[in-house]
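Trainee: Structure below; questions to follow.
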Amino acid sequence: MRPRSPRIEGAKVNIVSRRLFSVARNFRAFFVFNPFSQLRRYIAIAAQNHLINEDIKAAEVRLVGADGSQLGIMETSKALAIAEESGMDLVLIAPQATPPVCRVMDYGKYKFDQQKREKEANKKQKTVELKEIRLSLNIDTHDFETKVSQAKKFLSAGNKLKVSIRFRGREMAHTDRGIDVMNRFQEALGDAATVDKPAKLEGRSMQMSMSPRTGKKAEN
């Protein structure tokens, strides 16, 4: 078989290289120089504290109307005049874009609504705590019922439970009784709780993890 000429092989490599470079250049141009390609991402990651009105120092900006319409690239002074005519503010929402992106909006109302949403979100957030209930092999009826009532209160507040029994001395020979106590406790809670991790012996301690049952409220 006749070997290929090094010149031919080199020429093919150069052609392929030029084509790849051309594709890469066009691909880069689209994302870097096409201002609309990443506009949504710019708006999404814009900072919470924006520059507004005369604080915007860019010579020209891309303007988005109050209704979200694209008004194009223009001098910042003209964009500011449009905002003033509308009785609104010119807000810089994407300073990293080229040119920077501004939007016409009522900035005072925007900040008020934002703070209101944050307060409502904080109210809805609940801090889930892990509460521990300690039982014993020889727990009497009164103490047992007190522990059950306490556990139901924790569950009603949305907290998780860790139920534990500590075996002392010769009690290690009667771990089966510990399982019985745990099962009684689980049955006493009824629909108030669901078992995340069943009772398990770890060293001298037996533990069981429980959570509030969804849609159920504990009855005291």
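Trainee: Run the numbers for residue 173 and residue 78: contour at 0.36 nm per residue of separation, minus the present Cα-Cα distance, in nm.
Mentor: Result: 25.6 nm gained on full extension.
Trainee: Based only on the alpha carbon positions, what is the Kirkwood hydrodynamic radius of segment 95-145, in angstrom?
Mentor: Over segment 95-145, the inverse of the mean reciprocal pair distance is 16.9 Å.
Trainee: At 0.890 mPa s and 25 °C, plugging the Kirkwood radius over alpha-carbon pairs of segment 84-220 into Stokes-Einstein gives what diffusion coefficient in µm²/s?
Mentor: In µm²/s, the coefficient is 130.
Trainee: Taking each pair of distinct Cα atoms in segment 39-108 once, what is the resulting Kirkwood hydrodynamic radius in Å?
Mentor: Hydrodynamic radius (Kirkwood, Cα only) of segment 39-108 equals 11.6 Å.
Trainee: Just grab the label-to-label distance for residue 69 and residue 156, each label 7 Å out from Cα along the Cβ direction, in nm (one decimal).
Mentor: Taking the simple label geometry, residue 69 and residue 156 are separated by 5.8 nm.
Trainee: Same structure, new question: In whole Hz, what ³J(HN,Hα) sequence does segment 103-116 give by Karplus (6.51, -1.76, 1.60; θ = phi - 60°), x for Gly and Pro?
Mentor: 9, 7, 7, 7, 5, x, 5, 4, 5, 5, 5, 5, 5, 5
Trainee: May I pose another question? Show me 168-176, 181-189, 141-149 ranked by packing, highest mean number of other Cβ atoms within 10 Å first.
Mentor: Taking the mean over residues of other Cβ atoms within 10 Å, the ranking is 181-189, 141-149, 168-176.
Trainee: Right, next: Please work out how much length the chain gains when fully extended from residue 142 to residue 85, using 0.36 nm per residue of separation minus the C-alpha to C-alpha distance, in nm with one decimal.
Mentor: 12.9 nm
Trainee: Here is a further query. Determine the alpha carbon to alpha carbon distance for each of 78/111; 123/200; 116/162 and list only those over 30 Å.
Mentor: Exceeds cut-off: 123/200; 116/162.
Trainee: Which peptide among 90-99, 191-200 comes first, and what is the full order, when sorted by highest mean count of other Cβ atoms within 10 Å?
Mentor: 90-99, 191-200
Trainee: If you filter segment 94-141 for trypsin sites (Lys or Arg not before Pro), then keep DSSP loop positions with at most 15 other Cβ within 10 Å, what is left?
Mentor: When the trypsin sites (Lys or Arg not before Pro) of segment 94-141 are filtered for loop state and at most 15 Cβ neighbours within 10 Å, 126 remain.
Any read-out appearing in this document is the output of simple, stated calculations on the displayed coordinates, not a laboratory observation. This is a predicted model, so every value here is computed, not measured. Reconstructed Cβ throughout: ideal geometry from the backbone, glycine too, with neighbour counts over all protein chains shown.
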